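For reference, the structure is listed below as structure tokens.
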Amino acid sequence: MDFTNYVKYKTTMNRQRRRRRVDRRKVENRGSKATRVLERAWNNLRKVDDRIPVAVIVLIDAPGRSKRRGHFAMSTWTYRGADRAHEVGVSPRLFMQPKEVLATMLHEAAHASLSEEGKNGGMGSTAYYHTKIFRDRCQEFGLECEFLNSRYGWTITRWPLRGGRDQIPRKYAPILTDIKHQLPAGVESQGILKIVSRKLPQSGRVRLSCCCDELRRIYVARSVAEFGGIFCEYCGQSFTDG
């Protein structure tokens, strides 16, 4: 390589390095700004529906982003003596799609509100299974909720579709607008994690649960479950197909 070509090569490389150099003004405080926007969205959701409790909002870390859109951790953060606050996480992979951010926050809000009501966050006897109680709360919040499988239950949530368009309740419009205009760009999404629902499994028996803090389960014939009238002596509530 002669001297002239060497100079051209070095000039080109320097230009590319300058282009790749991170602009501190555009990057500094991005994580804290994103958290503030999500905290504001959560507080506004609480104004829309007072069943949603206070929660600590965090961004999901790098290993968890490819697996989850959001997460809910019940009574995790210490804030006063023995008192604990819930944690809600949102993946930065969603930030380029505000409607997905809002839907994910409502999914976690369903967990949070059910936790406040002593219903174990809408979860079954494991840390994975989403019950029909969770499904019903999501529907009350305006989401569709579909069955995934016997391990995770009613965990797939999305906005209802009509004419190919998401049907988002008007009460969420100001919150969605704020997220759209104020939330900074997140990490590359590489396609949002999509989960396909499955048909409910057929079984000769139905699993019923009560509302005790330590969930109690019974299995009965489908005809017995449909007849109803099965109550828990401890919590005084009926056993339901949740």
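The values are calculated or read from the model by the stated rules, or taken from the named source; none is laboratory data. For clarity, every value in this text was computed on a predicted model and none was experimentally measured. When we count neighbours, we look across all protein chains shown, and the Cβ atoms used for this are built from the backbone with ideal geometry, even at glycine.
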Looking at (1) basic (K, R); (2) surrounded by 14 or more Cβ atoms within 10 Å (Cβ to Cβ); (3) farther than 21 Å from L114 by Cβ, find the lone condition where K67 falls short.
(2)
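Look through the range 207-242, keep the residues that are outside any strand (DSSP E or B) and aromatic (F, W, Y), and return whichever of them is surrounded by the most Cβ atoms within 10 Å (Cβ to Cβ). Don't jump to the end; show me each part of the working.
As a first pass, look at the range 207-242 and keep what is outside any strand (DSSP E or B): 210-216, 222-230, 232-237, 239, 241-242.
Retained after the next criterion (residues that are aromatic (F, W, Y)): 227, 234, 239.
Working: F227: 10, Y234: 12, F239: 22.
Top of the filtered list is F239.
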Would you list the helices (runs of 4 or more DSSP H) that sit entirely within the range 12-90 and hold 3 or more residues that are at pLDDT 95 or above?
30-48
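Could you pull out the residue among G153, G124, G118 that is under 21 Å from F239 (Cα atoms) and in contact with a Leu (Cβ under 8 Å, 6 or more places away or on another chain)? Write out each step before concluding.
Working: G153 fails: in contact with a Leu (Cβ under 8 Å, 6 or more places away or on another chain); G118 fails: in contact with a Leu (Cβ under 8 Å, 6 or more places away or on another chain).
Checking each option against the conditions leaves just G124.
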Looking only at the range 38-83, count how many residues are at negative phi, of a type outside the set (A, V, I, L, M, F, W, C) and free of Cβ contacts under 8 Å to residues at least 12 places away in the same chain.
10
Per the filter on the range 75-134, residues of a type in the set (G, A, S), surrounded by fewer than 22 Cβ atoms within 10 Å (Cβ to Cβ) and touching a Cys at 6+ places or on another chain (Cβ under 9 Å) are G118
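Return the only residue of R51, R46, R40 being surrounded by 14 or more Cβ atoms within 10 Å (Cβ to Cβ) and more than 20 Å from S115 (Cβ to Cβ). Full working, then the answer.
Numbers: R51 fails: more than 20 Å from S115 (Cβ to Cβ); R46 fails: more than 20 Å from S115 (Cβ to Cβ).
Testing whether each residue is surrounded by 14 or more Cβ atoms within 10 Å (Cβ to Cβ) and more than 20 Å from S115 (Cβ to Cβ) leaves just R40.
Any idea which residue in the range 152-163 is surrounded by the fewest Cβ atoms within 10 Å (Cβ to Cβ), counting only those that are in contact (Cβ under 8 Å) with a residue 24 or more places away in the chain and not in a strand (DSSP E or B)? Step through it out loud before you land on a result.
Filtering the range 152-163 down to residues in contact (Cβ under 8 Å) with a residue 24 or more places away in the chain leaves 152-159.
In the following step, the residues that additionally are not in a strand (DSSP E or B) were identified as 152, 154-155, 159.
Details: Y152: 15, W154: 23, T155: 22, W159: 19.
Restricting to residues being in contact (Cβ under 8 Å) with a residue 24 or more places away in the chain and not in a strand (DSSP E or B), the top hit is Y152.
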Filter result (modelled with pLDDT of 75 or more and small (G, A, S)) within the range 186-227:
G186, S209, A221
